[in-house]
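The values are calculated or read from the model by the stated rules, or taken from the named source; none is laboratory data. Since we're looking at a predicted model, the values are computed, not measured. Heavy atoms of the whole protein, side chains included, go into the accessibility calculation; ligands, DNA and RNA do not. Shrake-Rupley method; radii C 1.70, N 1.55, O 1.52, S 1.80 Å.
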Amino acid sequence: MTKVHNFSAGPGILPQEVLKQAAEACINFDHLNLSLLEISHRSKSFEAVMSKSRQLVKDLLHLDDDFEVLFLGGGASLQFAMVPYNLLRSDGKAGYVNTGVWASKAIKEAKIIGNTAVIASSEDSKFSFIPKGYEIPEDLDYLHITSNNTIYGTQMSTFPKTAVPLVCDMSSDIFSREVNGNDFGLIYAGAQKNMGPAGSTMVAVRKSVLGKTGRKMLSMLDYQVHIKGESMYNTPPVFPIYVSMLTMEWIKNNGGVSHIEKLNNEKAALLYAEIDRNSLFKGTTAVEDRSKMNVTFVMHNPALEPAFDQLAKEANLSGLRGHRDVGGYRASLYNALPIESVKVLVEVMQHFEKKQA
Ligand SMILES: *Cc1c(COP(=O)(O)O)cnc(C)c1O
């Protein structure tokens, strides 16, 4: 098989060894001579997967015992609704920081549920930076932030300091850097960017922030119902959960999040250095807010794009086109992407510059 350098923004690259284990489990899972896909989620073998997955999240995010971890269906987008539904009191107020498309979608849902204030936004400058230095009202039920903006290529290097419960959409940078999960009231992440296949969303929530809305709750949208059911109130998305478990084990076996973070820093530094050096390309975001996961860049002369695309294709670089809202290029450098792939991209950019000279 030709080696393809996979820069896809999501679903994104997964470790080769994880894919091999996952493929095997589809045929013969846990020496049962049955597929993972055709056994009961109440079987001992799958219950072990679920409890291990939940524990691995706790380990990797250093979560204390107030936290419960869930793997739910519906994507990160369902969390845009579940968060306000479970946390926003009928006479309360939610605060949001608007840093991109995903944050905007989260705000839209919260406004349907209750009183929602956008307390900071970078919308006026096309989400090219992370707002800083804003006041956080003390009476918020929670403050919602997006740690990494997958489409615009910005990332929070630090998180707001507040006594208000902090809710964070970490879909595209979960487990990419050391985070003290205890600083948050709730963390959620769709699996398909940096954790596993599409179809499951990880939610880590403090029990102490729940049960305060006074709202009559629909069961499937109630975190407390899912907690009581140990994340198996209904049939969970078994395959994405299993593969997420394998990826988390892979992280643990490869030096843990701190080591992965070091590699991610090296990958991002290498690519940004080339973007800044190369006379044909430029970055699209404020330098201090550059994402280490989704590196966005454009060509000074967009007419050259087809020629660069051709070169990229010949070098087996895949998934580099920017999001349709932004254009240009986006190289996603998720955990499983080897630095060799970044080196190939940098070589292609250098080669292209020479060709144009
Ligand atoms: C991809 C993404 C989402 C949406 O995830 P779905 O699983 O498709 O609902 C939400 N937030 C962020 C930051 C994302 O990158």
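Miscellaneous remarks
- 1.4 Å probe accessible area per residue over the stretch 274-357, in Å²: 46
- Carbon and sulfur %, accessible surface of the stretch 262-306 computed with the full protein complex present, 1.4 Å: 61
- Antiparallel bridge percentage (DSSP; both residues within the chain; nearest 5): 55
- Within the chain, helix-based [θ] at 222 nm, where runs of 4 or more DSSP H residues each add -39,500 (n - 2.57), nearest 500: -11500 deg cm²/dmol
- Kirkwood-type hydrodynamic radius, the chain: 21.2 Å, calculated from all non-identical alpha-carbon pairs.
- DSSP bridge orientation in the stretch 149-297 - percent antiparallel, rounded to nearest 5: 75
- Approximate shape of the stretch 35-109 as ellipsoid semi-axes (Cα gyration tensor, √5λ), whole Å, largest first: 31, 16, 13
- Taken along its principal axes, the alpha carbon cloud of the stretch 230-316 reaches lengths of 53, 28, 26 Å, longest axis first.
- CYS26 accessible area, 1.4 Å probe, all protein chains in place, Å² to nearest 10: 40
- Accessible area per residue for the stretch 10-117, computed on protein heavy atoms with a 1.4 Å probe, is 46 Å².
- For the stretch 90-206, taking Cα atoms only, Rg and Dmax work out to 13.6, 38 Å respectively.
- Portion, in percent, of the accessible area of the stretch 86-220 that falls on carbon or sulfur, probe 1.4 Å: 50
- Separation of the stretch 22-46 and the stretch 173-206, taken as the distance between their Cα centroids, equals 25 angstrom.
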